[in-house]
1. With axes computed from alpha carbons, what is the tilt in degrees of helix 221-233 against the longest principal axis of the chain, rounded to the nearest 10 within 0 to 90?
2. Describe numerically, in nm with one decimal, the distance between label points set 7 Å from Cα along Cα→Cβ at T76 and at D176.
3. Once the Cα atoms of helix 78-88 and of the chain are each reduced to a long axis, what angle between those two axes, in degrees from 0 to 90 to the nearest 10, is obtained?
4. If Lys and Arg each add +1 and Asp and Glu each add -1, what is the summed charge of the other residues whose beta carbon sits under 13 Å from the beta carbon of T253?
5. Principal axes first, then extents: for the Cα atoms of the chain, list largest minus smallest coordinate on each axis, whole Å, largest first.
6. Quick one: length gained pulling A257 to N193 fully straight, 0.36 nm per residue minus the C-alpha distance?
7. Using only helices, what value at 222 nm comes out for the chain when you add -39,500 (n - 2.57) per DSSP H run of length 4 or more and divide by the total residues, to the nearest 500 deg cm²/dmol?
8. Please report, as a whole percent, how much of the solvent-accessible surface of the chain comes from carbon and sulfur atoms (probe radius 1.4 Å).
Amino acid sequence: LDMNVQRWAQEAMEGLSGALVVMSSDGDLLALADAEGTAAPLSLSDPHERWQGLLRDRRQSDLCRCLADATAPGSTIKPMVALAALQAGVITPETRLRCTGAFHYGADAAIRCNSLVGHGEIDLYRALGSSCNVYFLELAARLGREPLEAMLRSVGLAQLPGEGFGPGSPTASPLDGPASRGVIDSPEWKRANYRARVDQVWRPIDTGFMAIGQANTRMTPLQAAVMANAVATGRRVRPRLYLDEPHWAVPLTVSPAARAAVMQGLREDVHHPRGTGRYARVEGMTLA
């Protein structure tokens, strides 16, 4: 941890509700801050024992909220849908699909877009830049649930921070104890968690909700950081809290061209005049 970054993160979150993870591209955790944490501010004189105590006690504090507060990922999951579709050859970045404002599942069910009148015909770049639900619902319908689940698992969803790195990797992470695995929605999860048979059935609309980060899928702030880093670098990194932990990463099975297309769409999200992330612009910087 970088105590200067940690102090900044805690001050930046004052008056807000949520958690903030700052991680370098090699997996080093620079800050873990919780706007509603109950712990006293970290001491610059002896941070190592302080953080060891948080890991051991699993208190509702900065560390545990960042690691264990699993919530619906929402549209942050759409880049993974795009990567899965590109890798499977379902689309190219220039594939244009029509958004009319809603995606229909038969006569009685539909999921609406954030634009009630629709985005019209758009390609992948504009779909990411405008966070078009209909585009990604169509991708999910073409792709199917299994490739999407495989892509989400490849970036660490439904796993602890130290899991899923293959033979030879460190067996456990000090973050595994207080961390949540989160959930990837699936037929097995529905059968295990719903009593009524009608609720246990997996339907096409469930795959749709999965593709826009709704329904039962859950992700922690730390998993979100690992996922975003994987899109940017092409690697799933093992988050590293202590200096004596090894750096470890595994490559994603996606092409550089697919990642480049998704990154271009995410840059448009910030820098296009109608991008949904336009308020995150910073003068003189290119952001995604």
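1. The two axes meet at around 70 degrees.
2. A separation of 2.4 nm, rounded to one decimal place.
3. 60
4. Values: positive: R153, R235, R236, R259; negative: none.
Net of charged neighbours comes to +4.
5. Principal-axis extents of the Cα atoms in the chain, largest first: 61, 52, 40 Å.
6. On the way: separation 64, 0.36 × 64 = 23.04 nm, distance 3.90 nm.
So the chain would gain 19.1 nm between A257 and N193.
7. Values: 12 runs with 115 residues, N = 288.
When only DSSP H runs of four or more count, the value is -11500 deg cm²/dmol.
8. 52
The values are calculated or read from the model by the stated rules, or taken from the named source; none is laboratory data. Since the structure is predicted, the reported quantities are computational estimates derived from the model, not experimental observations. Cβ: placed from backbone, ideal geometry, glycine included. Neighbour counts: every protein chain shown. We work out accessible area using only protein heavy atoms, side chains counted, and drop any ligands, DNA or RNA first. Shrake-Rupley method; radii C 1.70, N 1.55, O 1.52, S 1.80 Å.
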